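Engineer: Pasting in a structure now, in C-alpha coordinates, and then I'll have a few things to ask.
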Amino acid sequence: MIELEVQTNKRSELVDVTAILAEAVARLEIKEGLVHVWCPHTTAGITVNEAADPDVAADIADSLERIVPRDAGYRHREGNADGHVKASLLGSSVVLPVEAGSLALGTWQGVFFGEFDGPRRRRLQLRVVSS
Amino acid sequence: MIELEVQTNKRSELVDVTAILAEAVARLEIKEGLVHVWCPHTTAGITVNEAADPDVAADIADSLERIVPRDAGYRHREGNADGHVKASLLGSSVVLPVEAGSLALGTWQGVFFGEFDGPRRRRLQLRVVSS
Amino acid sequence: MIELEVQTNKRSELVDVTAILAEAVARLEIKEGLVHVWCPHTTAGITVNEAADPDVAADIADSLERIVPRDAGYRHREGNADGHVKASLLGSSVVLPVEAGSLALGTWQGVFFGEFDGPRRRRLQLRVVSS
(Lines give C-alpha, C1' and ligand atoms only; values in the text may rest on other atoms or scores of the structure.)
Protein backbone atom coordinates (compact mmCIF):
# COMPACT_ATOMS: atom_id res chain seq x y z
CA MET A 1 0.00 0.00 0.00
CA ILE A 2 1.19 3.49 -0.84
CA GLU A 3 -0.16 6.45 1.09
CA LEU A 4 -0.24 9.85 -0.58
CA GLU A 5 -0.81 13.29 0.89
CA VAL A 6 -3.19 15.83 -0.63
CA GLN A 7 -3.25 19.44 0.58
CA THR A 8 -6.61 21.07 -0.12
CA ASN A 9 -7.10 24.83 -0.17
CA LYS A 10 -10.82 25.52 0.04
CA ARG A 11 -13.79 24.33 2.07
CA SER A 12 -15.16 22.60 -0.99
CA GLU A 13 -13.24 21.82 -4.17
CA LEU A 14 -12.10 19.08 -6.52
CA VAL A 15 -8.30 18.70 -6.58
CA ASP A 16 -6.70 16.99 -9.57
CA VAL A 17 -4.63 14.10 -8.18
CA THR A 18 -3.94 12.37 -11.51
CA ALA A 19 -0.21 13.22 -11.52
CA ILE A 20 0.51 12.00 -7.96
CA LEU A 21 -1.47 8.81 -8.60
CA ALA A 22 0.38 8.24 -11.89
CA GLU A 23 3.71 8.64 -10.09
CA ALA A 24 2.63 6.18 -7.37
CA VAL A 25 1.44 3.66 -9.97
CA ALA A 26 4.89 3.83 -11.58
CA ARG A 27 6.46 3.04 -8.16
CA LEU A 28 4.18 -0.03 -7.77
CA GLU A 29 5.73 -1.51 -10.92
CA ILE A 30 2.47 -3.06 -12.12
CA LYS A 31 2.50 -3.99 -15.80
CA GLU A 32 -1.20 -4.54 -16.52
CA GLY A 33 -4.00 -4.59 -14.02
CA LEU A 34 -6.08 -2.51 -11.69
CA VAL A 35 -5.38 -0.27 -8.70
CA HIS A 36 -7.71 0.70 -5.87
CA VAL A 37 -7.72 4.28 -4.61
CA TRP A 38 -9.18 4.71 -1.13
CA CYS A 39 -10.12 7.92 0.63
CA PRO A 40 -9.99 7.23 4.40
CA HIS A 41 -11.98 10.40 5.22
CA THR A 42 -15.73 10.93 5.64
CA THR A 43 -16.10 14.46 4.30
CA ALA A 44 -14.12 13.81 1.13
CA GLY A 45 -14.40 11.52 -1.88
CA ILE A 46 -12.91 10.47 -5.20
CA THR A 47 -14.22 10.88 -8.72
CA VAL A 48 -13.06 10.58 -12.30
CA ASN A 49 -13.92 13.36 -14.73
CA GLU A 50 -12.49 15.78 -17.28
CA ALA A 51 -9.06 17.14 -16.39
CA ALA A 52 -8.36 19.24 -19.52
CA ASP A 53 -10.57 22.18 -18.55
CA PRO A 54 -10.36 22.96 -14.79
CA ASP A 55 -13.78 24.62 -15.07
CA VAL A 56 -15.34 21.13 -15.13
CA ALA A 57 -14.03 20.32 -11.64
CA ALA A 58 -15.26 23.72 -10.41
CA ASP A 59 -18.70 23.07 -11.93
CA ILE A 60 -18.92 19.70 -10.15
CA ALA A 61 -17.99 21.27 -6.78
CA ASP A 62 -20.48 24.12 -7.34
CA SER A 63 -23.23 21.70 -8.38
CA LEU A 64 -22.70 19.63 -5.23
CA GLU A 65 -23.04 22.87 -3.20
CA ARG A 66 -26.37 23.53 -4.91
CA ILE A 67 -27.63 19.94 -4.56
CA VAL A 68 -26.52 19.68 -0.90
CA PRO A 69 -26.81 23.12 0.73
CA ARG A 70 -24.46 24.00 3.57
CA ASP A 71 -27.40 24.64 5.87
CA ALA A 72 -30.46 22.43 5.57
CA GLY A 73 -31.47 21.70 9.16
CA TYR A 74 -28.99 18.85 9.56
CA ARG A 75 -28.91 16.85 12.82
CA HIS A 76 -25.11 16.43 12.86
CA ARG A 77 -23.90 19.46 14.82
CA GLU A 78 -20.34 19.88 13.55
CA GLY A 79 -21.20 22.23 10.69
CA ASN A 80 -19.98 19.80 8.06
CA ALA A 81 -23.05 17.59 7.53
CA ASP A 82 -23.24 18.76 3.90
CA GLY A 83 -19.68 17.50 3.44
CA HIS A 84 -20.65 14.02 4.61
CA VAL A 85 -23.60 13.91 2.18
CA LYS A 86 -21.45 15.11 -0.74
CA ALA A 87 -18.84 12.44 0.09
CA SER A 88 -21.47 9.70 -0.22
CA LEU A 89 -22.79 11.11 -3.52
CA LEU A 90 -19.28 11.08 -4.98
CA GLY A 91 -18.06 7.83 -3.40
CA SER A 92 -14.94 7.14 -1.36
CA SER A 93 -13.01 4.85 -3.68
CA VAL A 94 -12.34 4.04 -7.34
CA VAL A 95 -10.69 1.16 -9.14
CA LEU A 96 -8.51 2.40 -12.01
CA PRO A 97 -7.08 0.50 -14.99
CA VAL A 98 -3.33 0.22 -15.56
CA GLU A 99 -1.73 -0.64 -18.90
CA ALA A 100 1.96 -0.81 -19.80
CA GLY A 101 2.81 0.38 -16.30
CA SER A 102 0.71 3.56 -16.48
CA LEU A 103 -2.79 4.65 -15.50
CA ALA A 104 -4.93 3.84 -18.54
CA LEU A 105 -7.45 6.66 -18.38
CA GLY A 106 -9.59 7.90 -21.25
CA THR A 107 -8.32 10.84 -23.33
CA TRP A 108 -10.00 13.52 -21.23
CA GLN A 109 -10.11 11.73 -17.88
CA GLY A 110 -8.34 12.67 -14.67
CA VAL A 111 -8.82 11.60 -11.07
CA PHE A 112 -10.05 14.14 -8.53
CA PHE A 113 -9.99 14.32 -4.75
CA GLY A 114 -13.27 15.84 -3.62
CA GLU A 115 -12.72 18.02 -0.55
CA PHE A 116 -15.93 18.97 1.26
CA ASP A 117 -14.69 20.17 4.65
CA GLY A 118 -11.36 21.79 3.99
CA PRO A 119 -8.87 23.19 3.74
CA ARG A 120 -6.99 20.24 5.23
CA ARG A 121 -4.09 17.92 4.74
CA ARG A 122 -5.71 14.69 3.50
CA ARG A 123 -4.56 11.18 2.64
CA LEU A 124 -5.19 8.77 -0.22
CA GLN A 125 -4.29 5.09 -0.18
CA LEU A 126 -3.31 3.14 -3.28
CA ARG A 127 -3.44 -0.66 -3.39
CA VAL A 128 -2.85 -3.15 -6.19
CA VAL A 129 -6.05 -5.02 -7.12
CA SER A 130 -4.53 -7.29 -9.75
CA SER A 131 -1.40 -7.23 -11.85
CA MET B 1 -18.65 -15.79 -1.25
CA ILE B 2 -20.32 -15.01 2.05
CA GLU B 3 -23.93 -13.84 2.06
CA LEU B 4 -25.12 -11.68 4.94
CA GLU B 5 -28.63 -10.70 5.99
CA VAL B 6 -29.62 -7.15 6.84
CA GLN B 7 -32.99 -6.37 8.44
CA THR B 8 -34.06 -2.80 7.73
CA ASN B 9 -36.71 -1.01 9.79
CA LYS B 10 -37.81 2.05 7.85
CA ARG B 11 -38.79 2.91 4.28
CA SER B 12 -35.60 4.89 3.89
CA GLU B 13 -32.57 4.69 6.16
CA LEU B 14 -28.86 3.96 6.33
CA VAL B 15 -28.07 0.89 8.44
CA ASP B 16 -24.55 0.55 9.85
CA VAL B 17 -23.27 -2.86 8.65
CA THR B 18 -19.63 -2.36 9.65
CA ALA B 19 -19.74 -4.94 12.46
CA ILE B 20 -21.31 -7.74 10.39
CA LEU B 21 -18.87 -7.05 7.53
CA ALA B 22 -15.92 -7.05 9.94
CA GLU B 23 -17.05 -10.40 11.35
CA ALA B 24 -17.40 -11.85 7.81
CA VAL B 25 -13.94 -10.53 6.82
CA ALA B 26 -12.49 -12.34 9.85
CA ARG B 27 -14.15 -15.58 8.62
CA LEU B 28 -12.60 -15.15 5.15
CA GLU B 29 -9.12 -15.32 6.73
CA ILE B 30 -7.62 -12.73 4.38
CA LYS B 31 -4.37 -11.23 5.63
CA GLU B 32 -3.95 -8.21 3.38
CA GLY B 33 -6.04 -7.28 0.41
CA LEU B 34 -9.42 -6.07 -0.74
CA VAL B 35 -12.99 -7.30 -0.41
CA HIS B 36 -15.98 -6.55 -2.64
CA VAL B 37 -19.34 -5.87 -1.06
CA TRP B 38 -22.29 -6.31 -3.41
CA CYS B 39 -25.90 -5.28 -2.89
CA PRO B 40 -28.06 -7.53 -5.11
CA HIS B 41 -31.11 -5.23 -4.78
CA THR B 42 -32.25 -2.31 -6.94
CA THR B 43 -33.80 -0.03 -4.31
CA ALA B 44 -30.86 -0.24 -1.94
CA GLY B 45 -27.17 0.65 -2.04
CA ILE B 46 -23.91 0.77 -0.13
CA THR B 47 -21.88 3.71 1.08
CA VAL B 48 -18.98 4.50 3.38
CA ASN B 49 -19.30 7.43 5.77
CA GLU B 50 -19.02 8.49 9.41
CA ALA B 51 -20.15 5.85 11.90
CA ALA B 52 -19.29 7.66 15.17
CA ASP B 53 -22.32 9.98 15.16
CA PRO B 54 -25.49 8.20 13.89
CA ASP B 55 -26.89 11.63 12.97
CA VAL B 56 -24.63 11.59 9.89
CA ALA B 57 -26.36 8.51 8.46
CA ALA B 58 -29.74 10.11 9.20
CA ASP B 59 -28.66 13.33 7.45
CA ILE B 60 -27.61 11.35 4.36
CA ALA B 61 -30.95 9.51 4.22
CA ASP B 62 -32.87 12.78 4.74
CA SER B 63 -30.80 14.57 2.09
CA LEU B 64 -31.52 11.81 -0.43
CA GLU B 65 -35.26 12.24 0.35
CA ARG B 66 -34.93 15.95 -0.42
CA ILE B 67 -32.84 15.43 -3.58
CA VAL B 68 -35.09 12.64 -4.89
CA PRO B 69 -38.68 13.32 -3.76
CA ARG B 70 -41.01 10.38 -3.16
CA ASP B 71 -43.45 11.74 -5.72
CA ALA B 72 -42.09 13.47 -8.81
CA GLY B 73 -44.26 12.19 -11.66
CA TYR B 74 -42.22 9.00 -12.09
CA ARG B 75 -43.11 6.55 -14.89
CA HIS B 76 -42.37 3.41 -12.87
CA ARG B 77 -45.70 2.59 -11.22
CA GLU B 78 -44.67 0.61 -8.16
CA GLY B 79 -44.39 3.60 -5.82
CA ASN B 80 -40.67 3.07 -5.26
CA ALA B 81 -39.16 4.92 -8.25
CA ASP B 82 -37.44 7.32 -5.85
CA GLY B 83 -35.78 4.31 -4.21
CA HIS B 84 -34.31 3.19 -7.53
CA VAL B 85 -32.90 6.67 -8.20
CA LYS B 86 -31.38 6.90 -4.70
CA ALA B 87 -29.78 3.48 -5.16
CA SER B 88 -27.99 4.68 -8.31
CA LEU B 89 -26.81 7.88 -6.60
CA LEU B 90 -25.30 5.87 -3.74
CA GLY B 91 -23.98 2.92 -5.78
CA SER B 92 -24.56 -0.80 -5.34
CA SER B 93 -21.07 -1.98 -4.40
CA VAL B 94 -17.85 -0.97 -2.67
CA VAL B 95 -14.36 -2.40 -2.55
CA LEU B 96 -12.91 -2.20 0.96
CA PRO B 97 -9.30 -2.51 2.14
CA VAL B 98 -8.23 -5.26 4.55
CA GLU B 99 -5.05 -5.15 6.66
CA ALA B 100 -3.82 -7.64 9.25
CA GLY B 101 -7.03 -9.62 8.77
CA SER B 102 -9.39 -6.72 9.51
CA LEU B 103 -11.28 -4.08 7.58
CA ALA B 104 -8.84 -1.17 7.27
CA LEU B 105 -11.25 1.76 7.39
CA GLY B 106 -10.36 5.34 8.27
CA THR B 107 -10.77 6.46 11.90
CA TRP B 108 -14.35 7.70 11.49
CA GLN B 109 -15.47 5.44 8.65
CA GLY B 110 -18.17 2.79 8.73
CA VAL B 111 -20.02 0.95 5.97
CA PHE B 112 -23.74 1.58 5.53
CA PHE B 113 -26.52 -0.32 3.80
CA GLY B 114 -28.81 2.24 2.17
CA GLU B 115 -32.43 1.07 2.33
CA PHE B 116 -34.77 3.01 0.06
CA ASP B 117 -37.86 0.77 -0.12
CA GLY B 118 -38.09 -0.92 3.26
CA PRO B 119 -38.57 -2.20 5.76
CA ARG B 120 -37.33 -5.50 4.35
CA ARG B 121 -34.99 -8.38 4.93
CA ARG B 122 -32.07 -7.69 2.56
CA ARG B 123 -28.87 -9.43 1.53
CA LEU B 124 -25.25 -8.39 1.07
CA GLN B 125 -22.60 -10.47 -0.67
CA LEU B 126 -18.93 -10.38 0.28
CA ARG B 127 -16.23 -11.63 -2.08
CA VAL B 128 -12.44 -11.60 -1.88
CA VAL B 129 -10.90 -9.33 -4.52
CA SER B 130 -7.27 -10.00 -3.69
CA SER B 131 -5.45 -11.36 -0.66
CA MET C 1 -9.16 -6.38 -21.78
CA ILE C 2 -12.24 -6.46 -23.95
CA GLU C 3 -13.52 -3.23 -25.45
CA LEU C 4 -17.23 -2.94 -26.28
CA GLU C 5 -19.10 -0.37 -28.35
CA VAL C 6 -22.30 1.28 -27.19
CA GLN C 7 -24.41 3.40 -29.54
CA THR C 8 -26.54 5.91 -27.66
CA ASN C 9 -29.57 7.60 -29.17
CA LYS C 10 -30.47 10.57 -27.00
CA ARG C 11 -28.66 13.45 -25.29
CA SER C 12 -29.38 11.89 -21.95
CA GLU C 13 -30.44 8.29 -21.34
CA LEU C 14 -29.59 5.04 -19.60
CA VAL C 15 -28.84 2.24 -22.07
CA ASP C 16 -29.13 -1.35 -20.83
CA VAL C 17 -25.76 -3.01 -21.55
CA THR C 18 -26.35 -6.17 -19.51
CA ALA C 19 -26.54 -8.45 -22.57
CA ILE C 20 -23.32 -7.22 -24.22
CA LEU C 21 -21.48 -7.42 -20.90
CA ALA C 22 -22.79 -10.94 -20.28
CA GLU C 23 -21.60 -11.99 -23.73
CA ALA C 24 -18.14 -10.48 -23.09
CA VAL C 25 -17.90 -12.19 -19.68
CA ALA C 26 -18.58 -15.50 -21.40
CA ARG C 27 -15.69 -14.78 -23.80
CA LEU C 28 -13.32 -14.08 -20.85
CA GLU C 29 -13.89 -17.65 -19.62
CA ILE C 30 -13.85 -16.69 -15.94
CA LYS C 31 -15.35 -19.32 -13.66
CA GLU C 32 -15.83 -17.41 -10.41
CA GLY C 33 -14.65 -13.93 -9.65
CA LEU C 34 -15.10 -10.27 -10.39
CA VAL C 35 -14.94 -8.09 -13.51
CA HIS C 36 -14.26 -4.37 -13.76
CA VAL C 37 -16.30 -2.27 -16.18
CA TRP C 38 -14.70 1.04 -17.09
CA CYS C 39 -16.25 3.97 -18.92
CA PRO C 40 -13.39 5.96 -20.53
CA HIS C 41 -15.62 9.01 -21.13
CA THR C 42 -16.27 12.07 -18.96
CA THR C 43 -19.91 12.79 -19.82
CA ALA C 44 -21.07 9.23 -19.31
CA GLY C 45 -21.15 6.72 -16.47
CA ILE C 46 -22.17 3.25 -15.34
CA THR C 47 -24.80 2.14 -12.89
CA VAL C 48 -26.60 -0.99 -11.77
CA ASN C 49 -30.36 -0.87 -11.35
CA GLU C 50 -33.64 -2.55 -12.32
CA ALA C 51 -33.71 -3.89 -15.86
CA ALA C 52 -37.17 -5.53 -15.86
CA ASP C 53 -39.16 -2.29 -16.26
CA PRO C 54 -37.44 0.16 -18.67
CA ASP C 55 -39.35 2.98 -16.95
CA VAL C 56 -36.87 2.75 -14.07
CA ALA C 57 -33.94 3.69 -16.32
CA ALA C 58 -36.00 6.55 -17.77
CA ASP C 59 -36.86 7.78 -14.26
CA ILE C 60 -33.17 7.78 -13.30
CA ALA C 61 -32.23 9.78 -16.42
CA ASP C 62 -35.12 12.22 -15.81
CA SER C 63 -34.20 12.60 -12.13
CA LEU C 64 -30.61 13.41 -13.03
CA GLU C 65 -31.95 16.10 -15.43
CA ARG C 66 -33.93 17.60 -12.56
CA ILE C 67 -31.07 17.37 -10.04
CA VAL C 68 -28.49 18.77 -12.49
CA PRO C 69 -30.23 21.24 -14.82
CA ARG C 70 -28.89 21.69 -18.35
CA ASP C 71 -28.35 25.39 -17.73
CA ALA C 72 -27.20 26.51 -14.30
CA GLY C 73 -24.57 29.16 -15.01
CA TYR C 74 -21.79 26.63 -15.51
CA ARG C 75 -18.22 27.84 -16.18
CA HIS C 76 -17.36 25.08 -18.66
CA ARG C 77 -18.39 26.53 -22.02
CA GLU C 78 -19.03 23.46 -24.15
CA GLY C 79 -22.74 23.16 -23.30
CA ASN C 80 -22.26 19.78 -21.61
CA ALA C 81 -21.26 20.79 -18.07
CA ASP C 82 -24.42 19.11 -16.74
CA GLY C 83 -23.27 15.88 -18.39
CA HIS C 84 -19.94 15.99 -16.53
CA VAL C 85 -21.72 16.51 -13.19
CA LYS C 86 -24.17 13.66 -13.88
CA ALA C 87 -21.25 11.38 -14.77
CA SER C 88 -19.62 12.01 -11.37
CA LEU C 89 -22.90 11.41 -9.53
CA LEU C 90 -23.33 8.04 -11.26
CA GLY C 91 -19.68 6.96 -11.27
CA SER C 92 -17.48 5.80 -14.12
CA SER C 93 -16.87 2.18 -13.18
CA VAL C 94 -18.39 -0.83 -11.45
CA VAL C 95 -17.01 -4.15 -10.26
CA LEU C 96 -19.46 -6.97 -10.99
CA PRO C 97 -19.60 -10.51 -9.55
CA VAL C 98 -19.25 -13.56 -11.79
CA GLU C 99 -20.41 -17.07 -10.83
CA ALA C 100 -20.34 -20.25 -12.89
CA GLY C 101 -19.03 -18.24 -15.84
CA SER C 102 -21.89 -15.71 -15.87
CA LEU C 103 -22.61 -12.28 -14.43
CA ALA C 104 -24.11 -12.97 -11.00
CA LEU C 105 -26.53 -10.07 -10.73
CA GLY C 106 -29.53 -9.90 -8.41
CA THR C 107 -32.94 -10.98 -9.77
CA TRP C 108 -33.98 -7.52 -11.00
CA GLN C 109 -30.52 -6.05 -11.67
CA GLY C 110 -29.10 -4.95 -14.98
CA VAL C 111 -26.10 -2.80 -15.89
CA PHE C 112 -26.69 0.56 -17.57
CA PHE C 113 -24.52 2.91 -19.57
CA GLY C 114 -25.44 6.45 -18.58
CA GLU C 115 -25.20 8.78 -21.58
CA PHE C 116 -25.26 12.47 -20.70
CA ASP C 117 -23.96 14.13 -23.87
CA GLY C 118 -25.22 12.01 -26.73
CA PRO C 119 -26.14 10.64 -29.05
CA ARG C 120 -22.69 9.17 -29.64
CA ARG C 121 -20.77 6.00 -30.27
CA ARG C 122 -19.23 5.17 -26.88
CA ARG C 123 -16.88 2.53 -25.50
CA LEU C 124 -16.81 0.33 -22.42
CA GLN C 125 -13.79 -1.64 -21.20
CA LEU C 126 -14.05 -4.94 -19.39
CA ARG C 127 -11.16 -6.32 -17.32
CA VAL C 128 -10.83 -9.37 -15.09
CA VAL C 129 -10.36 -8.42 -11.43
CA SER C 130 -10.01 -11.92 -10.06
CA SER C 131 -10.95 -15.37 -11.26
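The values are calculated or read from the model by the stated rules, or taken from the named source; none is laboratory data. Note that this is a predicted model, so its numbers are computed, not measured. Here the Cβ positions follow ideal geometry from the backbone for every residue, glycine too, while neighbour counts run over all protein chains shown. In case anyone asks, the SASA skips ligands and DNA or RNA and just uses the protein heavy atoms, side chains included. Shrake-Rupley method; radii C 1.70, N 1.55, O 1.52, S 1.80 Å.
Engineer: From the list B:Ser130, B:Ser93, pick out the single residue that is surrounded by fewer than 24 Cβ atoms within 10 Å (Cβ to Cβ), in contact with a Leu (Cβ under 6 Å, 6 or more places away or on another chain) and within 11 Å of chain A (Cβ to nearest Cβ).
Structural biologist: Only one candidate qualifies: B:Ser130.
Engineer: Let me confirm something: among C:Arg70, C:Arg11, C:Arg27, C:Arg77, which residue is free of Cβ contacts under 8 Å to residues at least 12 places away in the same chain and either in contact with a Phe, Trp or Tyr (Cβ under 8 Å, 6 or more places away or on another chain) or surrounded by fewer than 19 Cβ atoms within 10 Å (Cβ to Cβ) (or both)?
Structural biologist: C:Arg77
Engineer: To continue, here is another question. Just give me the residues in region C:105-122 being under 14 Å from C:Thr47 (Cα atoms) and part of a loop (DSSP other than H, G, I, E, B), in sequence order.
Structural biologist: C:Leu105, C:Gly106, C:Trp108, C:Phe116 - these are the residues of region C:105-122 that are under 14 Å from C:Thr47 (Cα atoms) and part of a loop (DSSP other than H, G, I, E, B).
Engineer: Further, regarding this structure: Conditions first: (1) within 15 Å of the chain's Cα centre (by Cα); (2) under 29 Å from B:Ala52 (Cβ atoms). A:Glu65 passes all but one, so which condition is the exception?
Structural biologist: (1)
Engineer: While we're here: A:Glu65 is checked against (1) surrounded by fewer than 21 Cβ atoms within 10 Å (Cβ to Cβ); (2) closer than 22 Å to B:Leu96 by Cα and fails just one. What number does that condition carry?
Structural biologist: Unmet for A:Glu65, out of (1) surrounded by fewer than 21 Cβ atoms within 10 Å (Cβ to Cβ); (2) closer than 22 Å to B:Leu96 by Cα: (2).
Engineer: Mind checking whether some residue in region B:91-104 is farther than 22 Å from B:Gly33 by Cα and of a type in the set (Asp, Glu)?
Structural biologist: no
Engineer: Please determine, by comparing only the residues of region B:33-56 that are in contact with a helix residue (DSSP H, G or I) (Cβ under 9 Å, 6 or more places away or on another chain) and among the hydrophobic types (A, V, I, L, M, F, W, C), which one is most open to solvent (accessible area, probe 1.4 Å).
Structural biologist: B:Ala51
Engineer: Against the definition (at pLDDT 95 or above, touching a Cys at 6+ places or on another chain (Cβ under 7 Å), within 14 Å of chain C (Cβ to nearest Cβ) and closer than 30 Å to B:Arg127 by Cβ), how does A:Ser88 come out, yes or no?
Structural biologist: Against the criterion (at pLDDT 95 or above, touching a Cys at 6+ places or on another chain (Cβ under 7 Å), within 14 Å of chain C (Cβ to nearest Cβ) and closer than 30 Å to B:Arg127 by Cβ), A:Ser88 does not qualify.
Engineer: Restricting to region B:103-127, count the residues that are away from chain A (no Cβ under 11 Å) and closer than 24 Å to B:Val56 by Cα.
Structural biologist: 12
Engineer: Something else: Taking the conditions exactly as written (within 14 Å of chain B (Cβ to nearest Cβ), closer than 22 Å to B:Val68 by Cα and either of a type outside the set (Ser, Thr, Tyr) or open to solvent by less than 10 Å² (accessible area, probe 1.4 Å) (or both)), does C:Asp82 satisfy them or not?
Structural biologist: no
Engineer: Within region C:91-107, which residues are within 14 Å of B:Leu126 (Cα to Cα), touching a residue at least 60 places away in the same chain (Cβ under 8 Å) and of a type outside the set (Val, Ile, Thr)?
Structural biologist: Across region C:91-107, the qualifying residues are C:Leu96, C:Pro97, C:Glu99, C:Leu105.
Engineer: Inside region C:35-54, can you point out the residues that are within 9 Å of C:Ser93 (Cβ to Cβ) and more than 7 Å from every other protein chain (Cβ to nearest Cβ)?
Structural biologist: Within region C:35-54, C:Val37, C:Cys39, C:Gly45, C:Ile46 qualify.
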